[in-house]
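Accompanying notes for the structure given below.
The values are calculated or read from the model by the stated rules, or taken from the named source; none is laboratory data. Bear in mind the structure is a predicted one, so any value in this text is a computation, not a measurement. With ideal geometry, Cβ positions are generated from the backbone for all residues, glycine too; neighbour counts draw on all protein chains shown. These area figures cover heavy atoms from the full protein model, side chains too; ligands, DNA and RNA do not enter into them. Shrake-Rupley method; radii C 1.70, N 1.55, O 1.52, S 1.80 Å.
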Amino acid sequence: MTTIPPGLLPEGLSDRLPPQAEASARLARRVLDTVAAHGYERVMPPIAEFEDSLVGRLKSMKAQDLVRAIDPVSQRSLALRPDMTAQVGRIAATRLAAAPRPLRLSYAGPVIRLRANQLRPERERFQVGAELIGSDSVAAAVEIVNVAIEALQAAGVTGITIDFTLPDLIDTLAAGPLPLAPEEIEAVRAELDAKDAGALAAISPAAAAYLPLIEGTGPFHAAMERLEALNAELGGAIDSRIAGLRAIARPIGWDITLTLDPTERHGFEYQNWFGFSIFADGFTGEIGRGGSYAIIRADGSEEPAMGFSLYPDPLIDAGFGGQSPKRLFLPLHHDAARAAQLRAEGWQTIAALTGEENGETLRCSHWLDGAEPRPY
């Protein structure tokens, strides 16, 4: 049998060591404090729950990328959460079903997936976010997008880009002004995601009618003009979507870059009319996403919701949330009352235990000389 080296972790899992672990907690706290200022209250769901409960709470969510185990007590299948949004939906639909709406909840914690991808090789990720339960209106979208931006700015992130999408646009058009055969819908989605105009046109003449949507991708205002031109040709079939996007974009600051990809579906499997991805300068791939979705209640009815999730691990790796603490070495027989006073002033104190410790080795910038901190 192969011997596992001491300290080896499963592929895609890793430890956070000082000072990155503290930076992670600090960055999460900045995000949570920002959303709390807008009335979002913290919930803390468990790391695992029954599989059927986890996958059955969000409409269109599938049991994919789940790490499973059998609960030895109930003998039912458990799943480690791959996303916390479904758990917040469960809490809203059960424990907080009678709470006044709209219900504003926030959360932070690790999530784990069965498989990683080439862009993000880690299987465990840290997720922090906020959900507005009880509305998926344009006003709710305006709030969620702007709270997400404010939270990232509070964490020190600059060069933010928001990419809007309309996840159910293909379904809406296929059921109305641009009909498709049922077997064509997935193929059209795939080619639109790939932005492959030739392959899209080759599917069928009906599929070729979706070519203008490829042109409707790019910088927000130019893409919106092309989408509005298509809407005019369709007799205003997507007027509400157009008006919604314009209203959501209007209050966003000039320092935020806006783009539009009206048919993007990857990562938006359970969102419905509106979705958005968040990018930042210097980072490959998205650092967050959000949008509108439906929560399934126990009786099968649906409750609208809107939210966002951030995945700040790349930010932490890049130094966001970092802060050089004031570390003070306390020699033997130091003044304990003075040390307590200095801690209250923001110092981190490292007390000598044997008299042989070296404060500089322990990453202290100062040592306590009587009553006063002295630099090394």
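Observations
- For the options ALA141, ALA318, ALA352, a Gaussian network treatment of the chain with springs between C-alpha atoms closer than 10 Å singles out ALA352 as fluctuating the most.
- Think of region 56-176 as a dipole: +1 on every Lys or Arg Cβ, -1 on every Asp or Glu Cβ, centred on the Cα centre; then among LEU114, GLN75, LEU58, GLN75 lies furthest on the positive end.
- Top of ILE248, ILE287, ILE256 by mean-square fluctuation, Gaussian network on the chain, Cα under 10 Å: ILE256
- For region 230-240, putting each phi into the Karplus relation 6.51 cos²θ - 1.76 cosθ + 1.60 with θ = phi - 60° gives couplings of 5, 4, 5, 5, 8, x, x, 5, 10, 3, 5 Hz, in residue order, rounded to whole numbers and with x for Gly and Pro.
- Under 5 Å between amide hydrogens, built in the peptide plane, is the criterion, and for GLU49 it picks out ALA79, ARG81 among residues at least 5 positions away or on other chains.
- Carbon and sulfur %, accessible surface of the chain computed with the full protein complex present, 1.4 Å: 55 percent
- Take every Cα pair under 8 Å whose residues are at least 6 apart in sequence, average their separation, divide by the length of the chain, and the relative contact order is 19 percent.
- Full-extension gain in nm, ALA337 to GLU372, via 0.36 nm per residue minus C-alpha separation: 11.4 nm
- Built amide H within the under 5 Å cut-off of VAL67, gap 5+: LEU80, LEU114
- 3J(HN,Hα) couplings calculated from phi for region 65-82 with the Karplus curve 6.51 cos²θ - 1.76 cosθ + 1.60 (θ = phi - 60°) are, in sequence order, 6, 9, 8, 10, 7, 9, 5, x, 7, 8, 6, 9, 6, 9, 9, 6, 5, x Hz; Gly and Pro show x.
- Length added when fully stretched, GLU183-ALA208, from 0.36 nm per residue minus Cα-Cα: 7.5 nm
- Residue-normalised accessible area of the chain, expressed per residue, 1.4 Å probe, Å²: 49 Å²
- Extension gain, GLU150 to SER324: 0.36 nm times the residue separation minus the Cα-Cα distance gives 60.3 nm.
- Taking Cα centre as origin and charging only the Cβ of basic (Lys, Arg, +1) and acidic (Asp, Glu, -1) residues, the dipole magnitude of the chain rounds to 960 debye.
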